[in-house]
Structures are given as structure tokens and as C-alpha cells.
């Protein structure tokens, strides 16, 4: 059994076949899936999906692209949403200096606020970082994010980031990128990451793994990530599935 620790199940690309997509995930051996909030609306949608589908859990929070939109009542609404029994994490939050849809200064300020809120709510954090490795690690250290722990989702950083994330007690989550032909460095990082600190994800509908590249991604395809990870560690798919699922259950407190 597999756990897709990062999906965007509320995405409009699933509007025509969401039920069928969920059924395919179950048939592929996905025992649980965490659907991710990126702003207030998608966080509310994520929580609503947990009521529709028993094996779906939710995170809440504001992606660095969207932090310029945070309203004065958003954090109070996140506090309310966090009371739902199937909210298991806060995120995805972090820093993204590639697009700068929100200014770097505002990103850093809101990132700090959200780590503080996650600590208040005692929820692990789901981290998005792009071209902002040093600032991301610094803020996580300064805001004592290790108190709640978390995961660097869709890990695609270098060995420095991997070491510092692991030193903070965080997990590394690998996505379909692991299957891409040019991802040699990432496969090497995955090989040297302790197996009790590894998660798998799709980040669907994005980052579709080989051999489905060019198609819309979905949770069923997390099996391709697991197969690649199993090959890297010379393990069976069942062994990798068991290990990564146990890790996810431990981090997110999923029974």
C-alpha cells in the first residue's frame, strides 16, 4: 500500500472525472492521500474533500506565490479549519524566488508567520522552496520549525539542502521528477537519504512520472515514484511502500 503525501485533488482538471480518478488510485494500491491547500479557498476545498473521500486527508496554508493575497481574517479561518480531524499538516508554505509572484520580502514575512501558526496548531509543515534554499533553512531554524517537524515536498534541491533539511529533523518527499532521465543528482540524493526519512508524492496534476509524461498526473501514478525509489535502493515495491507509508503515518499522525 502507498501514500501519496502531496496532491491537489481540488484542481479543476479533475472536475470531469474526480470520482473515477479516486477509484483508480484505490485500485493502484493508494491507501491514503494528502490534498494540499495553497490559499484560503483551496484549503477550504481540501478539507471539504476529506469529508467526501474517507482515505483523503488535508493540509491548509498559503503557497509563497499567493501570500500577497492574505487577508486579515485568513489566519483565524485556518485556526478554525485546523480543528477538523482530518487536517494533518500546515502547507504548502515556503519561499519561491523563481517567479516572485509575491515579493521576496513579503514571502519571508508570511513564511515566518505561517511557521509560527503551525507551531501554535502543532501541525507539521509542508515546505515549498525554489531558488531560496538558504533563506528557507534560516527561517525554519529561527522559527523553531523542528518543534513540529515537516517535509520538503517535491524535493529537487542539492545535497546541501538535503543535509540541512535532514539535520532539522525533516523528511524529504520525492515526486515524479525522480523518474526523469536527467534527474541523476536527485536519484543520488534519494539513494543517500535514510529510508526512515523518505516520503513519496505525485504533486498531481503536475510532474507526471515516466512512462506517463505528457498526460495529466494523478495519485495512482505514485506507484511509479515508488518503483523508481525501490530500484535505487535495490528493494521490492512492497518494502518501499511499507517504509514510506509508515513514515507518512508517523509524520502526519494518520492511523
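Annotation note: Cβ proximity below 6 Å between a residue of region 130-156 that is farther than 21 Å from residue 36 by Cβ and a residue that is part of a strand (DSSP E or B) (sequence gap 6+ or interchain) occurs for 135/95. Looking at the structure I just gave you, is residue 137 touching a helix residue (DSSP H, G or I) at 6+ places or on another chain (Cβ under 7 Å), assigned to a helix (DSSP H, G or I) and surrounded by 20 or more Cβ atoms within 10 Å (Cβ to Cβ)? When the stated conditions are applied, residue 137 passes them. Selection over region 211-234 of residues that are surrounded by 17 or more Cβ atoms within 10 Å (Cβ to Cβ) and outside any helix (DSSP H, G or I) gives a count of 2. Residues in region 20-36 that are out of contact with any helix residue (DSSP H, G or I) (no Cβ under 6 Å at 6 or more places or on another chain) and either touching a residue at least 24 places away in the same chain (Cβ under 8 Å) or under 17 Å from residue 58 (Cα atoms) (or both): 22, 26, 27, 29, 31, 32, 34, 36. Can we say residue 128 is touching a strand residue (DSSP E or B) at 6+ places or on another chain (Cβ under 9 Å), farther than 21 Å from residue 40 by Cα and not in a helix (DSSP H, G or I)? Considered against the rule, which asks whether it is touching a strand residue (DSSP E or B) at 6+ places or on another chain (Cβ under 9 Å), farther than 21 Å from residue 40 by Cα and not in a helix (DSSP H, G or I), residue 128 comes out as no. So for region 147-170 (the condition being farther than 26 Å from residue 209 by Cβ, modelled with pLDDT of 95 or more, in contact with a helix residue (DSSP H, G or I) (Cβ under 6 Å, 6 or more places away or on another chain) and surrounded by 21 or more Cβ atoms within 10 Å (Cβ to Cβ)), does at least one residue qualify? Looking through region 147-170, none of the residues is farther than 26 Å from residue 209 by Cβ, modelled with pLDDT of 95 or more, in contact with a helix residue (DSSP H, G or I) (Cβ under 6 Å, 6 or more places away or on another chain) and surrounded by 21 or more Cβ atoms within 10 Å (Cβ to Cβ).
In region 204-255, how many residues are on the phi > 0 side of the Ramachandran plot, touching a residue at least 12 places away in the same chain (Cβ under 8 Å) and more than 17 Å from the chain's Cα centre (by Cα)? Here the count works out to 0.
The lone criterion from (1) closer than 27 Å to residue 50 by Cβ; (2) surrounded by 15 or more Cβ atoms within 10 Å (Cβ to Cβ) left unmet by residue 85 is number (2). Regarding residue 178, is this residue under 19 Å from the mean Cα position of the chain (by Cα), at pLDDT 95 or above, surrounded by fewer than 24 Cβ atoms within 10 Å (Cβ to Cβ) and closer than 23 Å to residue 34 by Cβ? So residue 178 does not fit the description; no. Number of residues in region 97-125 that are over 21 Å from residue 60 (Cβ atoms) and either assigned to a loop (DSSP other than H, G, I, E, B) or within 19 Å of the chain's Cα centre (by Cα) (or both) equals 5. Take the conditions surrounded by fewer than 22 Cβ atoms within 10 Å (Cβ to Cβ), touching a helix residue (DSSP H, G or I) at 6+ places or on another chain (Cβ under 6 Å) and touching a residue at least 24 places away in the same chain (Cβ under 8 Å) and apply them to residue 39. Does it pass? Answer is yes for this residue. Here residue 173 qualifies as outside any helix (DSSP H, G or I), touching a strand residue (DSSP E or B) at 6+ places or on another chain (Cβ under 8 Å) and modelled with pLDDT of 95 or more.
The values are calculated or read from the model by the stated rules, or taken from the named source; none is laboratory data. Computed from a prediction, not measured in an experiment: that's the story for all the values here. Please note: Cβ atoms are built from the backbone with ideal geometry, for glycine as well, and neighbour counts cover all protein chains shown.
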